[in-house]
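These notes concern the structure reproduced below.
The values are calculated or read from the model by the stated rules, or taken from the named source; none is laboratory data. What you see is a predicted model, and the numbers here were worked out from it, not measured in a lab. Cβ: placed from backbone, ideal geometry, glycine included. Neighbour counts: every protein chain shown.
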Amino acid sequence: MQPRTIGELPGHESEPDAGLPVDRPLHFSLAPETNSALVTCTATNSGHCSAWTLNPVTQPNGSVQNIARLQQATNGTKFLNLGDFFVSFLFNITDP
């Protein structure tokens, strides 16, 4: 499948992110030194994305891995920083 933008897929013209690449970082980090995941639409059904992969990003040294933070919950809403580490992963997500 050729990389496409969400705006190029039928039915997505009115989405707020229309025109952005389907291959793009998905940022959900609370720690500034950690990385986003790269989300790629890998299949469509009736013009809508129906499958995705989530991969780590490429680091400046060329390695494909993300920096993550390990935290321990203490006293309910407080977290103890146990350090940063590298993690590699691959998630395949489908609907359904």
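Could you please let me know if Ser36 is exposed (fewer than 10 other Cβ atoms within 10 Å of the Cβ), among the small types (Gly, Ala, Ser) and more than 13 Å from Thr94 (Cβ to Cβ)? No: the conditions fail for Ser36.
Determine whether region 25-36 contains at least one residue that is under 25 Å from Pro96 (Cβ atoms), modelled with pLDDT of 50 or more and either among the hydrophobic types (A, V, I, L, M, F, W, C) or not in a strand (DSSP E or B) (or both). Yes, because at least one residue in region 25-36 is under 25 Å from Pro96 (Cβ atoms), modelled with pLDDT of 50 or more and either among the hydrophobic types (A, V, I, L, M, F, W, C) or not in a strand (DSSP E or B) (or both). Which ones in region 48-96 are of a type in the set (D, E, K, R), surrounded by 10 or more Cβ atoms within 10 Å (Cβ to Cβ) and more than 14 Å from Glu33 (Cα to Cα)? Across region 48-96, the qualifying residue is only Asp95.
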